[in-house]
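The values are calculated or read from the model by the stated rules, or taken from the named source; none is laboratory data. This one's a predicted model, so the numbers in the text were calculated from it and none came from an experiment. Positions of Cβ are backbone-derived with ideal geometry, glycine not excepted, and every protein chain shown enters the neighbour counts.
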Amino acid sequence: MDQLSLFENEGYNFPEELLDFDPDFLKPQEADHLFNLLLKEVPWQQTSKKMYDRTVLTPRLTAWYGDKKASYQLAGKAIVTNQWLEPLAALKRRIEQQFHCTFNSVLLNLYRDNKDSVAWHRDRESELGNRPVIGSVSLGQARFFDFRKVNDHSKKYSLLLKHGSLLLMKGNLQETWEHRIAKSAQKMQARINLTFRLIGEGKE
C-alpha cells in the first residue's frame, strides 16, 4: 500500500505510522453482500445526548456487537451489546490476522443520507485503553473522513473512504488528531461504517 501519496496535503505529510489504509480491502461482491445484510438485519437505533440545556438526537443510527464480556459506557450509560453476527465475527478475524491486532466488539454507524454525520471527536474513552487500535470498514456511499491536528487546526486532511475500504487507526492518533464525517450539501445514499475495537476486559 502506497500510503504516502494518500496523505500528502499542502506540502505536509500525514504521519504514516498512525494509519494503515487499504481502499480495496473487500472485493465489490463481498462489500455489496455485507452492506445489504447489515442494512436489513441490524436492529438500528437512534440515540440522544444532552447538549447544553436540551436533548438532541444523534444524526445517524448505531448498533453494537461484541463478546459477552465486552461492555461499554457512553455518557455514563451502559450500551447494549448484541451477540456477534457470523459475517461480522469473520470480518473481525480477518482484520486481526492481517494486521496482528485484537478486537472484542464493533460499533456500527448508519449514515442514512448526506444530512447524517459525526462531529469532531477523538476515541479516548477509558474502556479503549491507551493508544487504541481501531479498524474501520466502510460500506455503501463513499464519504470523506476528515482529520485535524488537536493543537493546530490549520493542519487538516481528508481521506475518501469508499465501498469496501479499510482504515486502521493506531499509535497516538487519538491523542493528537481529531476526526469527523461532515454533513454535505450533495445528495448521498446510505453508508455503513464498522469500527472494530478492544473495549472493557482485555484492554491494555
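Six or more apart or on different chains, Cβ atoms under 9 Å: show the pairs whose first residue is in region 47-67 and surrounded by 10 or more Cβ atoms within 10 Å (Cβ to Cβ) and among the aromatic types (Phe, Trp, Tyr) and whose second is at pLDDT below 80 and in a strand (DSSP E or B). Taking only residues 6 or more apart or on different chains, the pairs are Trp64/Tyr72; Trp64/Ile79. Considering only residues in region 140-179 that are under 16 Å from Asn109 (Cα atoms), touching a residue at least 60 places away in the same chain (Cβ under 8 Å) and out of contact with any Lys or Arg (no Cβ under 8 Å at 6 or more places or on another chain), the one that is surrounded by the most Cβ atoms within 10 Å (Cβ to Cβ) turns out to be Leu166.
For region 185-204, filtered to residues that are of a type in the set (S, T, N, Q) and part of a loop (DSSP other than H, G, I, E, B), the residue that is modelled with the lowest pLDDT is Gln186. Of all residues in region 16-46, those that are under 16 Å from the mean Cα position of the chain (by Cα) and either free of Cβ contacts under 8 Å to residues at least 40 places away in the same chain or in a strand (DSSP E or B) (or both) total 4.
Residues that are under 14 Å from Phe196 (Cα atoms) and modelled with pLDDT of 90 or more: find the strands (runs of 3 or more DSSP E) completely inside region 96-171 holding 2 or more of those.
105-111, 134-140, 166-169
Which residues, counting only those in region 68-84, are over 18 Å from the mean Cα position of the chain (by Cα) and at pLDDT 80 or above? Matches in region 68-84: Lys68, Gln83.
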